[in-house]
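Report on one structure; see the data block that follows.
Read-outs: derived from the displayed coordinates by stated rules, not from any lab. All figures in this text were calculated on a predicted structure; none of them were measured in a lab.
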Amino acid sequence: MDVQDLMKKATIFHGHICPGVALGVLVAKYILSLGFEHSPDEELVAVVENDNCSVDAIQALLGTTYGKGNLIHLDYGKNNFTIYSRKSQKGVRLALKSAVFKDKKLTRDERVKKLLSSNPENLFDIREVEFIPPERAQIEESIPCEVCNELTMSSRIVDYQGSNMCIPCYKVMKK
Ligand SMILES: [Zn+2]
Ligand SMILES: [Zn+2]
């Protein structure tokens, strides 16, 4: 897929055209160009350091999704993206270094256009990183909270005065 097709696919998922999605498209395009393939299962893992529009392009184009557990969000407020491939045992990190993404002199459309025609190597510091992806998502038993009765993953159950409680109920009881 060329960059325009990737942008189309990402935009359908995201809902609108914006510089954030264009930035994510660039990251995905670069990753796919390395031979990493879209991930139907957990073959790829993405670690993103922001929660802006760009992450939707990563999800749509690389198959690293919140629901599959192969998208990890670190709340650092940085446009940095690390992608691991379990198949090739490789990790690549892209860290944004250019201001094009937020260049106020350009209109929104111009920023999108400029981003899509950019060479990722000019926008990002790119380096290989050691292959240390987060563990695969675990399938876990759910048990009912003794207060609200809602089924809750056992690792998220808190023991409060001998009762199994979900986190929101525990927060209420503790007050
Ligand atoms: Zn957006
Ligand atoms: Zn509860």
- Spelling it out for TYR160: with amide H atoms placed in the peptide plane at 1.01 Å from N, the residues 5 or more places away or on another chain with amide H under 5 Å from its amide H are MET165
- Message: Can you show me the helix-derived [θ] at 222 nm for the chain, built from DSSP H runs with n ≥ 4 at -39,500 (n - 2.57) apiece and divided by the number of residues, rounded to the nearest 500.
- Response: -9500 deg cm²/dmol
- Which far-off residues, 5 or more places away or on another chain, put their amide H under 5 Å from the one on LYS90, with H placed in the peptide plane? SER85
- Pairs from LYS8/LYS104; LYS29/LYS114; LYS29/LYS68; LYS90/LYS113 whose Cα-Cα separation, in the structure shown, is over 19 Å: LYS8/LYS104; LYS29/LYS68; LYS90/LYS113
- Could you run the Karplus curve 6.51 cos²θ - 1.76 cosθ + 1.60 with θ = phi - 60° over the range 162-170 and give me ³J(HN,Hα) per residue in whole Hz, x for Gly and Pro? x, 10, 7, 10, 6, 4, x, 5, 4
- Compute the relative contact order of the chain as a whole-number percentage, counting only Cα pairs closer than 8 Å that sit 6 or more residues apart in sequence. 18 percent
- Message: Please check: in the Gaussian network model of the chain (C-alpha springs, under 10 Å), which one of GLU110, GLU141, GLU42 has the largest mean-square fluctuation.
- Response: GLU141
- Volume per residue that the Cα convex hull of the chain spans, once the total is divided by residue count, Å³: 151 Å³
- Between Rg and the Kirkwood Rh of the range 1-44, both from Cα atoms, what is the Rg to Rh ratio? 0.98
- Enumerate the calculated ³J(HN,Hα) couplings along the range 88-100 in order (Karplus 6.51 cos²θ - 1.76 cosθ + 1.60, θ = phi - 60°), each rounded to whole Hz, writing x wherever the residue is Gly or Pro. 8, 6, 10, x, 10, 10, 10, 10, 5, 10, 9, 8, 3
- Task: List the residues whose amide H sits under 5 Å from the amide H of VAL147, counting only those 5 or more places along or on another chain, with H placed 1.01 Å from N in the peptide plane.
- Result: CYS166
- Rounded to whole Hz and in sequence order, give me ³J(HN,Hα) for the range 119-131 from the Karplus expression 6.51 cos²θ - 1.76 cosθ + 1.60, θ = phi - 60°, writing x for Gly and Pro. 8, x, 5, 7, 8, 10, 7, 10, 8, 6, 10, 4, 7
